[in-house]
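First up is the structure itself, then whatever we jot down about it.
The values are calculated or read from the model by the stated rules, or taken from the named source; none is laboratory data. These numbers come from a predicted model, not from an experiment. Here Cβ is always computed from backbone atoms with ideal geometry, including for glycine, and neighbour counts include all displayed protein chains.
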Amino acid sequence: MNAKGHHPAMTDDARPATNIPEFSVSELSGALRKSVEETFSFVRVRGEISGFKRHSSGHFYFALKDADAVLDAVCWRGQAVRLGLDAQDGMEVIATGRLTTYPGRSKYQMVVERMELAGQGALLKMLEDRKKRLAAEGLFALERKRPIPFLPQVIGVVTSPTGAVIRDILHRLAERFPRRVLLWPVAVQGEGAAAQVAAAIRGFNALAPGGAVPRPDVLIVARGGGSLEDLMAFNEEIVVRAAAESQIPLISAVGHETDTTLIDFAADLRAPTPTAAAEKAVPVRAELVAGLAELDGRLVGAMARGLQGRRDHLAQTFRALPHPRRVMEDCTRRLDERAERLAKALPQLVERRRIDLARLTDRLDNGLRAARAAGLAAVERDRLRLDEGGRRLAQALPRLLAEYGQKVETAGKLLESYSYRKVLERGYAVIRDGHGQPVVSAAAVVPGTALMVEFSDGAIQVVADGTAPPPSSPPPAAKTRKPPPPDGRQGSLL
């Protein structure tokens with residue numbers, strides 16, 4: 001046995017012969033995949049969705065499970081957009097597709113092509129959950145709904161062009177009040193029906209007013225009756241959102257009177273049937289004509305009665321009026337009476353005004369005398385206060401001026417003691433450069449620089465030559481002054 005644990009004498013030719021075929025891993029995985037895909041090329045599986053994941057690429061990844069097993073599943077993007085089902089965890093569905101294997105991980109999975117809810121109970125639960133979610137967003141709020149116009153000029157209809165619905169709508173409109181109808185043909189059930197209905201609603205709203213194609217004043221989204229599965233296109237979220245976003249008032253007429261879809265809650269008005277939608281869209285022309293005729297007759301009768309009543313009132317007023325001559329005589333008599341009373345009243349009025357004037361004059365004189373007495377007393381008090389203030393001001397002004405003068409003198413002496421000119425008087429000098437700034441260091445002076453030397457009695461200009469000054473010698477000792485010889489006038493004290 002060598003270091004690797006093999007017998008050196010045994011070779012590949014020495015292996016025992018066998019008739020069992022050998023497969024590579026890839027060959028075996030391919031054979032399994034072919035067998036699975038051929039055997040299970042079309043299957044329908046019922047189970048509960050678990051671990052649902054919507055990938056950013058658009059693919060759906062999830063698992064179908066029951067009480068005993070789990071089956072991985074995938075729905076590619078091309079099929080995912082056509083499912084027509086908002087898949088969620090916990091939803092029981094019937095998936096249609098095929099089985100395949102994933103050799104990279106030795107797993108098998110189901111490729112889902114179609115999917116539907118398992119049973120009407122699950123479908124109703126899904127619709128109820130969707131209704132609550134859309135209602136929470138405010139899509140069914142009453143304040144969003146618009147009033148239907150009384151007499152629209154153009155009516156847009158979204159329905160199938162081959163069904164009985166469009167014929168019923170046109171027939172009822174022709175009976176009640178013929179209007180122009182624009183039909184947007186769509187599929188009302190099956191794959192892609194919801195997208196077509198939503199596109200039709202948005203397409204009508206996209207029409208510009210006054211364009212080549214007139215913009216409808218009201219929309220009717222209609223479909224005949226059917227099972228819950230047949231009406232699913234009008235329960236899709238894309239259709240509900242398109243109806244809620246419509247700027248044109250919208251009438252929903254899906255199914256029979258007992259059928260209810262989610263578009264009914266988002267529409268501005270719900271009609272139990274397509275025929276009822278046509279009735280709600282326009283009034284009855286014959287009733288309007290009859291109503292106008294009745295109103296016209298009532299208006300003519302009211303005008304006739306009003307004119308006759310005014311004639312009668314005018315006649316009664318004419319009979320009640322007095323004769324103009326009697327009116328003039330009464331006025332003449334009253335005028336004469338007023339003239340006599342005026343002639344007597346004028347002197348009386350003048351006398352009363354003279355008495356009132358005399359009374360006012362007395363009151364004014366009394367008031368003036370009282371005011372003059374009170375004013376003189378007040379003036380005398382003010383004069384005394386003014387004299388007292390003048391004396392106090394005359395006494396305080398010299399003292400105040402002396403205090404401020406002393407403060408100014410003290411500040412001047414302090415300012416003079418801080419002045420550098422006092423230092424110059426002691427033999428020092430200030431050296432400034434060409435800009436007038438003091439030079440504080442010899443190293444900052446460049447030879448040839450013009451300088452200004454300031455002394456206490458003036459300033460001179462110098463030029464720096466760069467040579468060092470001679471060493472300073474000590475100042476000469478002060479000579480002792482001998483006392484003068486005695487002049488003989490005073491004797492010695494010793």
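Restricting 412, 427 to residues that are closer than 30 Å to residue 455 by Cβ and part of a helix (DSSP H, G or I) narrows the list to 412. Tell me, please, whether a residue that is over 30 Å from residue 92 (Cβ atoms) and in contact with a helix residue (DSSP H, G or I) (Cβ under 6 Å, 6 or more places away or on another chain) can be found in the range 221-237. Looking through the range 221-237, at least one residue is over 30 Å from residue 92 (Cβ atoms) and in contact with a helix residue (DSSP H, G or I) (Cβ under 6 Å, 6 or more places away or on another chain). Of all positions in the range 63-71, none carries a residue that is modelled with pLDDT under 85, assigned to a loop (DSSP other than H, G, I, E, B) and closer than 22 Å to residue 187 by Cβ. Take residue 270 and tell me if it is modelled with pLDDT of 90 or more, over 20 Å from residue 201 (Cβ atoms) and charged (D, E, K, R). Answer is no for this residue. Looking at 29, 41, 56, 50, just one residue is of a type in the set (Ser, Thr, Tyr), part of a loop (DSSP other than H, G, I, E, B) and in contact (Cβ under 8 Å) with a residue 12 or more places away in the chain, and that residue is 41.
Report yes if some residue within the range 122-136 is exposed (fewer than 14 other Cβ atoms within 10 Å of the Cβ) and either over 44 Å from the mean Cα position of the chain (by Cα) or outside any helix (DSSP H, G or I) (or both); otherwise report no. I'd like the intermediate steps shown before the answer.
So the first thing to find is which residues in the range 122-136 are exposed (fewer than 14 other Cβ atoms within 10 Å of the Cβ), and the list is 124, 128-129, 132-133, 136.
Now restrict to residues that are either over 44 Å from the mean Cα position of the chain (by Cα) or outside any helix (DSSP H, G or I) (or both): none.
The answer is no, given that none of the residues of the range 122-136 is exposed (fewer than 14 other Cβ atoms within 10 Å of the Cβ) and either over 44 Å from the mean Cα position of the chain (by Cα) or outside any helix (DSSP H, G or I) (or both).
As for the range 123-140, it holds at least one residue that is among the acidic types (Asp, Glu) and either touching a His at 6+ places or on another chain (Cβ under 8 Å) or at pLDDT 90 or above (or both).
Let me confirm something: among 44, 82, 144, 77, which residue is within 19 Å of residue 234 (Cβ to Cβ), among the basic types (Lys, Arg) and not assigned by TED's automatic domain parsing to the domain that holds residue 264? Step through it out loud before you land on a result.
On the way: 44 fails: within 19 Å of residue 234 (Cβ to Cβ); 144 fails: not assigned by TED's automatic domain parsing to the domain that holds residue 264; 77 fails: within 19 Å of residue 234 (Cβ to Cβ).
Matching residue, one of 44, 82, 144, 77: 82.
Out of contact with any Asp or Glu (no Cβ under 8 Å at 6 or more places or on another chain), without any contact (Cβ under 8 Å) to a residue 40 or more places away in the chain, surrounded by 11 or more Cβ atoms within 10 Å (Cβ to Cβ) and in a helix (DSSP H, G or I): does that describe residue 306? When the stated conditions are applied, residue 306 does not pass them. What is the one condition in (1) surrounded by fewer than 17 Cβ atoms within 10 Å (Cβ to Cβ); (2) charged (D, E, K, R); (3) under 21 Å from residue 276 (Cβ atoms) that residue 168 does not satisfy? If we test residue 168 against (1) surrounded by fewer than 17 Cβ atoms within 10 Å (Cβ to Cβ); (2) charged (D, E, K, R); (3) under 21 Å from residue 276 (Cβ atoms), just (1) comes out false.
Does at least one position in the range 437-448 carry a residue that is surrounded by 10 or more Cβ atoms within 10 Å (Cβ to Cβ), under 27 Å from residue 465 (Cα atoms) and touching a Phe, Trp or Tyr at 6+ places or on another chain (Cβ under 8 Å)? Checked against the condition, which is being surrounded by 10 or more Cβ atoms within 10 Å (Cβ to Cβ), under 27 Å from residue 465 (Cα atoms) and touching a Phe, Trp or Tyr at 6+ places or on another chain (Cβ under 8 Å), the range 437-448 yields no hits at all. When the range 88-115 is limited to residues that are part of a strand (DSSP E or B) and touching a residue at least 60 places away in the same chain (Cβ under 8 Å), the one that is surrounded by the fewest Cβ atoms within 10 Å (Cβ to Cβ) turns out to be 98.
Please go through the range 181-234 and give me each residue that is acidic (Asp, Glu) and buried (at least 17 other Cβ atoms within 10 Å of the Cβ), ordered by number. Let's see the steps before the verdict.
Just the residues of the range 181-234 that are acidic (Asp, Glu), to begin with: 191, 217, 229-230.
The answer is 217, 230.
Among the residues of the range 117-153, the ones that are in contact with an Asp or Glu (Cβ under 8 Å, 6 or more places away or on another chain) and either farther than 30 Å from residue 285 by Cα or among the hydroxyl-bearing types (Ser, Thr, Tyr) (or both) come to 8 in all. Filtering 432, 369 for residues that are closer than 30 Å to residue 467 by Cα and either surrounded by 10 or more Cβ atoms within 10 Å (Cβ to Cβ) or at pLDDT 80 or above (or both) leaves a single hit, 432.
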